[in-house]
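Below is one structure; the comments refer to it alone.
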Amino acid sequence: MWIYGRNPVLEALKEGRVRRVLVARGVEAWLLRELERLGAEYTLVPRIELDTLLKTTHHQGLAAEVEEPRYATLEEAFSLAEARGEMPLLVFLDGITDPRNYGAMIRSALALGAHGVVSEERRSAPLSPLALKASAGAALKLPVVKVKNLPRALEAVKERGLWVYGLDVRGEKTPKELDFQRPLALVLGSEGEGMRRLVRESCDELFRIPIRKEAESLNASVALGIALYAVALGRGVG
């Protein structure tokens, strides 16, 4: 599998997952020095060669062949929370199929203290090169989990003591009305359809982010970022 973009490739090098690296001629000297510092053996190629190989011009002059990314387990997410000495905070995504949104949401989850991102095998974007680039390397640092059935996975984490809060435009509560001082699973659906009925029914609370009426809705990754920051504030972080 070929990944591209500076952050994803550099993170993959740090993780020791890279088989080979291609670099477009003419990239900045600092990037070559960084590759050398990381012990990467690379080949300089014409930029058009990367354009053709990757079928995009948005590669930032850097590509790497890596093993297919490994999905984590729910247990790894719980273990991360335990290692940090924190209450679990898991993000569940229902129907996020756009790889850019998916990657951006993983990036927000890492940045704002979540311990894992969970989605369903059939109703989610995969960890594609585009998603990895959008995550800016975050997908290599945070447990990213795929489950066969999202409602069942939500019931499983509820049995482990997590409360399930769903972000929904029809939610009656706002973040300031919720208790975030508890182990949490935060659920968010797609921009067009929101959460499916069974996923919504698995939630203990439904809440919305108040916005101006003329805006109608928020981008899914932006909404997740706001919700995660509300959790951080509710836990006394930031």
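Assorted remarks:
- Overall form of region 105-170 per C-alpha gyration tensor (a/c, 1.5; a/b vs b/c): prolate
- The residues Lys148, Lys173, Lys55, sorted by heavy-atom accessible surface at 1.4 Å with ligands and nucleic acids left out, run Lys55, Lys148, Lys173 from largest to smallest.
- Structural descriptor for region 139-188: relative contact order 40 percent, calculated from alpha carbon pairs under 8 angstrom and at least 6 residues apart.
- Applying a DSSP loop filter and a limit of 11 other Cβ atoms within 10 Å to the trypsin sites (Lys or Arg not before Pro) in region 178-215 leaves Arg212.
- The GluC sites (Glu not before Pro) found in region 1-56 that occupy coil by DSSP, while having at most 13 further C-beta atoms within 10 Å, are Glu15, Glu28, Glu41.
- Cα gyration tensor shape of region 53-96, rounded if a/c is under 1.5, else prolate or oblate by comparing a/b with b/c: prolate
- Result for the chain in a Gaussian network model with C-alpha springs under 10 Å: among Val199, Val164, Val147, the largest mean-square fluctuation is at Val147.
- Cross-link partners of Lys158 among lysines (Cα-Cα below 21 Å; sequence separation of 8 or more within a chain): Lys146, Lys148, Lys173
- In loop segments of region 93-125 as defined by DSSP, the trypsin sites (Lys or Arg not before Pro) with at most 16 further C-beta atoms inside 10 Å of their C-beta are Arg122, Arg123.
- Normalised by the number of residues in the chain, the mean separation of alpha-carbon contacts (under 8 Å, six or more apart) gives a relative contact order of 20 percent.
- Calculated percent of Cα pairs over 30 Å apart (choose from [x] 21; [y] 36; [z] 31), label: [z]
- Shape call, region 26-78: gyration tensor on alpha carbons, a/c limit 1.5: oblate
- 0 to 90° range, to nearest 10: angle between helix 99-111 axis and the chain longest Cα axis: 70
- Value at 222 nm in deg cm²/dmol, rounded to 500, when DSSP H runs of n ≥ 4 in the chain each add -39,500 (n - 2.57): -10500 deg cm²/dmol
The values are calculated or read from the model by the stated rules, or taken from the named source; none is laboratory data. Since we're looking at a predicted model, the values are computed, not measured. In this analysis, Cβ positions are derived from the backbone assuming ideal geometry, glycine residues included, and neighbour counts consider all displayed protein chains. Surface accessibility is based on the protein's heavy atoms, side chains included, excluding ligands, DNA and RNA. Shrake-Rupley method; radii C 1.70, N 1.55, O 1.52, S 1.80 Å.
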